[in-house]
Amino acid sequence: MTFLQLIDQSPHKTLAVDGSRSGPFTGSITVPGDKSISHRALMLGAIAQGTTRIKGLLLGEDPRSTAACFSAMGAKVSALDGEWVTVEGTGGNLQEPDNVLDAGNSGTTLRLMLGLLAAQPGKFFAVTGDGSLRSRPMKRVIAPLSQMGAAIAGKADNTLAPLGIQGKQLNPSHYHSPIASAQVKSCLLLAGLSINGDTTVTEPSLSRDHSERMLKAFGANLSIDSATHSVTLHGPAQLQGQTVIVPSDISSAAFWLVAAAITPGSNLLIENVGINPTRTGVLDALAAMNADITLENQRDATGEPVADLRVRHSQLRGCTIDGELIPRLIDEVPILAVAALFAEGTTLITDAAELRVKESDRLAVTASELTKMGGQIVEHPEGLEITGMGAKAVLTGAKLDSFTDHRIAMSLAIAATRTHSLTQIERAEAAAVSYPSFFETLSAASH
Ligand code: S3P
């Protein structure tokens, strides 16, 4: 038995991780491009006038879904595996596609695209996704878009995909979102590009602001009121193609930050990671847990801050993760739960009900799968309570399932390295949604 072994691959991959063969995480690694920025670069490129050049695009399944949808609407996207990907934009005049647009597993693709499609007068679009995406709530974008004049119909009383969109000329609006969601905010701002007048979105706390940064870079006129967490797009706007350098994804780096923090002897450098303050909640949470992480070589990559992150093993302690911190680490809760198992004391994660409507119910799945490994986790309606077992703790190998959720598959693989036995992860292929090379890096970095 090697450290990692594929033990079944039809119809899904089951991967065995031999925890007895894993060692400290050392050396230096790079992780793939930021998923959020990759989606936005492809989408803004597709609706801009002229050519957009993208370096460092994530080659995961999610951005591939975005590229396929916009190619079907007339954008000319070059081969995605080149060093540079180019997008010849449509100038905002998307073609009516011949067939249903498939967003796959990607909530960002579907929700952001809905804003653009709803605002294409006289054109019809049908959109769908995989089983997970078809069960995720779309009312959060359909309701505000409908108030702006959109005509969107769908399953379950117009709340679930598949959806049909009859494009319309939409009206200016000010939407007070009940949730801090970058997908909701970005959907409405993208709709606003073809509206005569202002589109304002106010959120309860700040969600990731990649759309705002990139829309400005592509020439849109935006006003931001950080005191009220409001952003206004002054429409209409004709975007112009740009060059985008995509930094590595801090949400992918998070797996290695935690792996090294909980594994004695680790000292790992993760290069070129995006440290946009709306995304660095994981660094704040790990700092509160006494993790040893330093930021080196801070710099800027086309409007997004970047740094190399060095992480060394340390004795973690429990902490509380709640409130405005949650949207800033929304995708990192499963891996932070793994970190909390190796802390001294209890970690309480609250205000995190949004995790129930991600690619899986991440509160339920994180609790159920880590419990199978001997972790003590109590699931609350809006969070998790994790009893830390200390730095010397060892989990028990078990038969686990990713529930086709990429971040669960990778979090469980990191947990599996801290056992002395075999862990089986069913449906491990889900990792490819955001991190196709995850398991190769796991083999290389854990010696
Ligand atoms: C994303 C926003 C987040 C995040 C998702 C990507 C984005 O969702 O969970 O993985 O690119 O806008 P919400 O902001 O809707 O919570």
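Figures for the structure shown
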{"item": "Cα-based shape type of the chain, given that a ≥ b ≥ c are square roots of the gyration tensor eigenvalues and the cut on a/c is 1.5", "result": "prolate"}
{"item": "Reach of K216 by Cα under 30 Å, taken over lysines that are not fewer than 8 positions away in the same chain", "result": "K35, K55, K76, K123, K139, K168, K185, K358"}
{"item": "Three-way shape call for segment 35-245 based on the alpha-carbon gyration tensor, with the a/c threshold at 1.5", "result": "rounded"}
{"item": "Rounded to 5, percent antiparallel among DSSP beta bridges of segment 327-447", "result": "70"}
{"item": "Which of I425, I7, I245 is most accessible, then next, and so on - probe 1.4 Å", "result": "I7, I245, I425"}
{"item": "Cut-off 18 Å, label 7 Å out along Cα→Cβ of K139, residues of segment 166-183 by amide N", "result": "176-181"}
{"item": "Solvent-accessible surface (1.4 angstrom probe) belonging to L193, in square angstrom, nearest 10", "result": "10"}
{"item": "Residues S421 and E344, FRET efficiency given R0 of 35 Å [Cβ-Cβ distance, rounded to 0.05]", "result": "0.90"}
{"item": "Cα lying deepest toward the dipole's positive end in the chain, options V141, I293, G27, charges on Cβ", "result": "V141"}
{"item": "Share of carbon and sulfur in the accessible heavy-atom surface of segment 135-198 [1.4 Å probe, %]", "result": "52"}
{"item": "Tensor-based shape of segment 206-301 (alpha-carbon gyration tensor, a/c under 1.5 rounded, otherwise prolate or oblate)", "result": "prolate"}
{"item": "Gain on full stretching of the segment that runs from I179 to M1 - 0.36 nm per residue minus C-alpha separation", "result": "59.4 nm"}
{"item": "Euclidean distance of C-alpha centroids, segment 327-345 and segment 347-382, integer Å", "result": "10"}
{"item": "R0 of 22 Å, Cβ-Cβ distance E440-S10: FRET efficiency to nearest 0.05", "result": "0.55"}
{"item": "Ordering of 27-39, 331-343, 201-213 by packing [mean C-beta count within 10 Å, highest first]", "result": "331-343, 27-39, 201-213"}
{"item": "Solvent-accessible area per residue, Å², over the chain with all protein chains present [probe radius 1.4 Å]", "result": "35"}
{"item": "Fraction of antiparallel bridges per DSSP, the chain only, in percent to nearest 5", "result": "70"}
{"item": "Solvent exposure ordering (accessible area, 1.4 Å, most first) of Y435, Y175", "result": "Y175, Y435"}
{"item": "Listed residues G241, G345, G318, most fluctuating in the chain (Gaussian network, C-alpha, under 10 Å)", "result": "G345"}
{"item": "E354, E271, reordered so the largest accessible area comes first (probe 1.4 Å)", "result": "E271, E354"}
{"item": "N158-D225 pseudo-label distance in nm [points 7 Å out on the Cα-to-Cβ vector]", "result": "2.9"}
{"item": "Size of charge dipole - the chain - debye, nearest 20, with Cβ of Lys, Arg +1 and Asp, Glu -1, no other charges", "result": "320"}
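The values are calculated or read from the model by the stated rules, or taken from the named source; none is laboratory data. None of the values given here were measured: they were computed from a predicted structure. Positions of Cβ are generated from backbone atoms using ideal geometry, with glycine treated the same way; all protein chains shown enter the neighbour counts. Side chains are part of the model used for accessible areas, which takes the heavy atoms of the whole protein and leaves out ligands, DNA and RNA. Shrake-Rupley method; radii C 1.70, N 1.55, O 1.52, S 1.80 Å.
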